[in-house]
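This report concerns only the one structure given below.
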Amino acid sequence: MADFLQLVIAGLATGAIYALAAIGFTLLWQTSQTINFAQGEFVMLPAFFALVAMKMLDLPFSLAALVAIAVAMLVLGVIFKTVIVDPLIRQGVLPLVISTIAVGLLLKDGTKEFYSAEAQPFPTMLPDTLVDVLGVKISLAQLGVLGVALATILALQWFLAGTRTGRQMQATAQNPTVARILGVPVERMVLYTFLINAGLAAIASLLVSPIYLAKFSNGETLGLTAFVAAIVGGFNQVRGAIVGGLLVGVIDNLAAAYVSSSYRQALPLALLVLIILFRPQGLLGRREERAV
Amino acid sequence: MSRGLQLALLLIVAAVLVLAPLGLQRYGIYILTLWLVTAVAALGVNLIVGYAGQETLAQAAFLGIGAYTTALLTQAGLPFGLAFLAAGAASFVVGLLIGFPALRVQKHYLAFVTLAFSVFVWLVIRNEEWLTGGVMGIRDIERPTIAGLKLRPAAFFYWFVLAISAVLTFVMWWLVRSPWGRAFTALRENPIRAESIGVDVRSYKLLAFAIGSAYGGFAGALYAPLVEFIDPAPFALGPSLLFLLMVVVGGSGSFLGPFIGAAVAVLLPEWLRFAESYYLLIYALLVIVMMAFCPTGIVGLAKRMLALRRRPAARASAGDTKPLALEEAKP
């Protein structure tokens with residue numbers, strides 16, 4: 001039982017990271033019709049920004065982390081929006097989808113060529129010591145990951161539901177035309193979505209890299225997991241992505257321990273097929289209407 | 001272009017393709033054969049992306065299914081012809097199985113399911129060592145023998161692949177021109193309207209995906225004897241993404257697109273030898289620029305330029321080539 005709880009907590013910790021990536025992905029899809037197939041690379045890259053800041057600028061980890069988040073918001077938020085998405089969305093959905101796939105390739109191979117093809121060790125915020133909580137041994141680092149991820153999610157939820165700007169963003173996501181008529185600065189809201197997505201990806205990157213090491217090819221699995229988390233939870237809302245992420249993290253950890261670790265990466269396919277067959281709108285999703 | 005001119009052009013291209021190996025070294029013939037194999041797989045992707053308006057991220061996985069089926073069956077003593085058909089059939093059936101759930105829901109779900117499927121196939125090939133040899137792969141795959149003639153020499157095998165590719169190309173050409181194929185265009189342009197006038201959208205998309213995937217299987221069946229050694233690497237997710245990109249670069253939804261896209265994908269690494277590993281970066285940049293300025297690909301670009309030359313007065317209407325992407329109907 002103690003083992004089981006330990007696995008669940010470790011699963012919740014990685015799941016909370018997947019949730020961060022999945023929330024950004026969902027927000028972007030809902031607000032700007034951008035299906036970002038480079039989302040996995042968005043989570044892979046910021047860790048390297050932090051590594052560069054530490055190695056080249058000799059910054060301590062805490063400062064380097066802030067630098068990484070800022071650079072990510074600039075590059076993966078503002079530049080991604082203005083250079084890639086804005087010109088391409090005019091050409092239609094398929095060209096944009098294709099371009100995000102190309103962006104993914106670009107970031108992945110760019111990291112490999114210009115930084116390193118080797119997996120890089122990455123510092124943790126909290127030491128990896130075990131603490132005893134009611135007889136269950138839990139790693140402090142995992143608790144730290146869980147804490148930061150949950151705090152980020154709570155802050156985001158508060159922002160979206162509790163502030164005027166957040167509610168304007170939700171209005172933009174649900175119906176841009178009506179939002180514009182009601183005086184919501186839609187363009188600015190879309191930009192905020194890109195910034196939030198980049199920020200979430202950067203935090204996810206800083207949290208996940210100590211666990212999986214920072215490697216150029218991490219994006220494949222991370223991206224796939226984020227997509228699956230978003231789909232499992234249901235695309236219509238942020239809550240869905242949170243539940244989806246946590247669930248995928250826990251199932252992933254349990255399956256690796258009790259079923260087979262060599263087929264761990266096959267889990268997304270199994271989950272996807274199950275959810276599509278039995279609950280296509282996702283666990284928390286609403287059915288979407290179609291119009292001609 | 002008049003019909004006579006088209007026919008003449010086709011004959012010239014056919015003649016060039018048949019005679020090409022006579023003027024080429026062994027390696028040149030290999031590249032040419034690789035182009036044909038890639039083009040067959042790309043034809044399949046084009047049916048799925050260009051005609052049925054779906055996205056597949058698993059064509060390399062189907063290539064793998066075809067390649068391993070062929071390698072295993074021929075090494076078990078079966079003739080190549082049977083193995084070839086089995087490769088196509090296996091990919092077709094697997095395509096039906098994963099397409100069926102994916103196409104029940106909204107657009108783009110096929111992309112996610114094929115993405116996950118890609119990872120799964122790669123895992124199976126790598127992990128099931130008893131069957132696939134794992135990372136060690138399968139070596140010494142024999143090239144087929146026709147009527148006692150061994151197709152070992154590069155040129156012979158090239159002609160063999162050329163003949164099969166020609167047949168597969170003709171079948172695809174007939175398919176997209178048949179009433180059945182025209183329904184695809186209808187459902188790409190407006191799926192909901194197509195549905196309302198009686199096109200069974202879901203089964204059409206499913207069949208398109210399965211047939212397109214079968215082309216991947218056929219390409220794999222030709223790929224295995226071409227390279228004579230297969231391991232998991234060429235069937236991973238990365239190559240699947242490249243298949244999708246090459247079709248779009250060539251011009252998705254146009255019949256020549258896949259051939260041109262395949263040529264770019266096969267030749268670009270050869271031309272960019274000096275840039276070594278940077279070629280993927282250059283390719284990715286090229287794709288983005290292409291999508292931003294000419295989403296109809298190289299074929300669309302060529303058409304646009306021809307139109308400009310032919311009627312400079314009608315310049316304004318040159319840009320009105322049909323955009324191939326579907327704008328998703330907003331609720």
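A few comments on the model shown:
- If you go through region A:67-87 and keep only what is within 14 Å of chain B (Cβ to nearest Cβ) and either touching a Lys or Arg at 6+ places or on another chain (Cβ under 7 Å) or surrounded by fewer than 20 Cβ atoms within 10 Å (Cβ to Cβ) (or both), you end up with A:Ile79, A:Thr82, A:Val83, A:Asp86, A:Pro87.
- Qualifying residue in region A:190-203 (condition: away from chain B (no Cβ under 14 Å), within 26 Å of B:Val124 (Cα to Cα) and not hydrophobic (A, V, I, L, M, F, W, C)): no
- Residue pairs meeting the criteria (Cβ under 6 Å; at least 6 apart or on separate chains; first in a helix (DSSP H, G or I), in region B:161-184; second at pLDDT 95 or above): B:Val161/B:Thr33; B:Val161/B:Leu36; B:Val161/B:Leu222; B:Ser165/B:Leu36; B:Ser165/B:Val40; B:Leu168/B:Val40; B:Met172/B:Leu43
- Which numbered condition B:Gln54 fails, given (1) modelled with pLDDT under 95; (2) part of a helix (DSSP H, G or I); (3) not small (Gly, Ala, Ser): (2)
- The requirement of being away from chain B (no Cβ under 13 Å), touching a residue at least 60 places away in the same chain (Cβ under 8 Å) and in a helix (DSSP H, G or I) is not satisfied by A:Gly223.
- Filtered residue count, region A:93-112, keeping only those that are of a type in the set (Gly, Ala, Ser) and farther than 14 Å from A:Asn36 by Cα: 1
- Criterion applied to A:Thr100, A:Thr31 was being at pLDDT below 90, within 14 Å of chain B (Cβ to nearest Cβ) and within 26 Å of B:Leu241 (Cα to Cα), and the one residue passing it is A:Thr31.
- Selection status of A:Leu160, assigned to a helix (DSSP H, G or I) and either over 20 Å from A:Ser62 (Cα atoms) or at pLDDT 95 or above (or both): yes
- Residue match in region A:230-249 (condition: of a type in the set (Phe, Trp, Tyr), in a helix (DSSP H, G or I) and within 14 Å of another protein chain (Cβ to nearest Cβ)): no
- Matching residues in region B:107-117 - criterion: being within 7 Å of chain A (Cβ to nearest Cβ) and modelled with pLDDT under 90: B:His108, B:Tyr109
- Of the set (1) facing chain A (nearest Cβ under 10 Å); (2) outside any loop (DSSP other than H, G, I, E, B); (3) touching a residue at least 60 places away in the same chain (Cβ under 8 Å), all apply to B:Ser252 but (2).
- Yes/no for A:Val43 being buried (at least 24 other Cβ atoms within 10 Å of the Cβ), out of contact with any strand residue (DSSP E or B) (no Cβ under 7 Å at 6 or more places or on another chain) and more than 14 Å from every other protein chain (Cβ to nearest Cβ): yes
- Region A:88-146 - residue that is at positive phi and free of Cβ contacts under 8 Å to residues at least 24 places away in the same chain and, of those, surrounded by the fewest Cβ atoms within 10 Å (Cβ to Cβ): A:Leu134
- Any hit, region A:188-210, residues being part of a helix (DSSP H, G or I), free of Cβ contacts under 8 Å to residues at least 24 places away in the same chain and not hydroxyl-bearing (Ser, Thr, Tyr): yes
The values are calculated or read from the model by the stated rules, or taken from the named source; none is laboratory data. Just so it is clear, the model here is predicted, and its values are computed rather than measured. In this analysis, Cβ positions are derived from the backbone assuming ideal geometry, glycine residues included, and neighbour counts consider all displayed protein chains.
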